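A short write-up of the structure that comes next.
Throughout, read-outs are computed from the coordinates displayed, never taken from laboratory work. Because the structure is predicted, anything quoted here is derived from the model rather than measured. Glycine also receives a Cβ, built like all others from the backbone with ideal geometry; neighbour counts cover every protein chain displayed.
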Amino acid sequence: MLTLREVTKEYKVGAFGGKTVAAVKGVSFDVVPGEVVSLIGESGSGKSTIGRMILGLHPVTSGTITFDGRPVRAGKDYYRHVQGIFQDPFSSFNPVFKADRVFAMIKEAYYPDVPAAEWAERVETSLRDVRLNPAQVLGKYPHQLSGGQLQRLLIARALLLDIKLLVADEITSMLDASTRIDVLNLLAELKTRGLGVLYITHDLSLGTYLAERTVVLRRGRVAEMGPTDEVFGDPLHPYTRELLSAVPRLHESWDDAAPVESCLYHDKGGTGGLLEAAPGHFVACSALPSCPSGEV
Ligand code: ADP
Ligand code: MG
């Protein structure tokens, strides 16, 4: 199980690193095996930062991230169980090598003793598991394959490892609509194998498609989280409502968006953190200028 507690990330910026940008502020949530959790928010809300911290690619500034009780530690042992896939599948492949080199690298690092014939069989099985025809993808260079095929190759590679958690950061945003649904269906299958998936997206409609639970991120903080049906069926936070009413605008920055009207969190007598409005359904202060906490 993946556990984030009060996770904060400040990036140092500026020529001498004297300034900081607070990208993630006090974020806590879990992903349990066999569950897809979608992490939704506008561009710049801190989603990828959270994904990268979970993958050990950035250190946390404060707070803790643990997987099965142990702190994240980038390295072979961790990546055997936790893998990430990102928006641009081409960037995960070296263009001068054939795409299936990613499998050879997994073998070298994790399964050096598996005989070549058995390994070839395992690769073929994992390719079929992601609905790729081995004959059509093996031996090809990345530029000879489509984005959807490359994304599936990366999922197949993850399946060759004994992964328990997949962090999928905007993995369908460069795919066309029908390929997108295929990849989403694939993720849905992964959860039936007991994998946990953190599905990061700015696209609300894709988030609802898959996820048992949804975490809505706003400016680095959790605005609302809970069972997907409840968060979308009965959104408590004005920001979630705005997201729902403006789905086509989600790719835009929200700095100019209309201000939200009430502070539900404080209306309900909250004093900080998240209020549990219904079992498992949490909501934060809407961060209005008028909000007495002064949170932004
Ligand atoms: P999202 O994935 O939701 O679009 P990000 O996590 O990429 O959001 O970014 C969150 C905030 O952190 C943004 O303000 C972004 O500009 C900033 N940020 C992201 N990566 C870096 C970095 N390496 N250095 C400095 N600031 C960064
Ligand atoms: Mg991102």
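Amide H of residue 223: which non-local residues (sequence gap of 5 or more, or other chain) have their own amide H closer than 5 Å, using H built in the peptide plane?
When sequence neighbours closer than 5 places are left aside, the close amide H contacts are 216, 217, 218.
Pick out which of 121, 42, 242 has the largest mean-square fluctuation in a Gaussian network model of the chain, springs linking Cα atoms closer than 10 Å.
Of 121, 42, 242, the most mobile in the Gaussian network model is 121.
At 20 °C and 1.002 mPa s, what whole-number value in µm²/s does Stokes-Einstein give for the translational diffusion of the chain, with Rh from the Kirkwood sum over Cα pairs?
In µm²/s, the coefficient is 106.
Residue by residue through the range 84-94, what is 3J(HN,Hα) from phi via Karplus (6.51 cos²θ - 1.76 cosθ + 1.60, θ = phi - 60°)? Round to whole Hz and write x for glycine and proline.
Per-residue couplings from phi come out as x, 10, 10, 4, 9, x, 4, 5, 8, 10, 7 Hz.
Taking H placed 1.01 Å from N in the peptide plane, check which residues at least 5 places from residue 195 or on another chain put their amide H under 5 Å from its amide H.
34
Run the paramagnetic zone check for residue 131: 7 angstrom along Cα to Cβ, then residues of the range 176-202 with backbone nitrogen under 11 Å.
Of the residues in the range 176-202, 178-189 have backbone N under 11 Å from the label point off residue 131.
What full-extension length gain, to one decimal in nm, is calculated for residue 189 and residue 21 as 0.36 nm per residue of separation minus the Cα-Cα distance?
Full extension of this stretch gives 56.7 nm more.
State which helices in the chain qualify, where a helix is a whole DSSP H run, it must extend 18 Å or more along its own axis by its Cα atoms, and its mean Kyte-Doolittle hydropathy must be at least 0.5.
147-160
Taking H as built 1.01 Å from N, whose amide H comes closer than 5 Å to the amide H of residue 7, not counting residues under 5 places away?
Answer set, sorted by chain and number: 26, 27, 28, 64.
Translational D (Stokes-Einstein, µm²/s) of the range 89-161 at 10 °C and 1.306 mPa s when Rh comes from the Kirkwood sum over C-alpha pairs? Before the final figure, lay out the partial values.
Values: Rh = 12.1 Å.
Estimated diffusion coefficient is 131 µm²/s.
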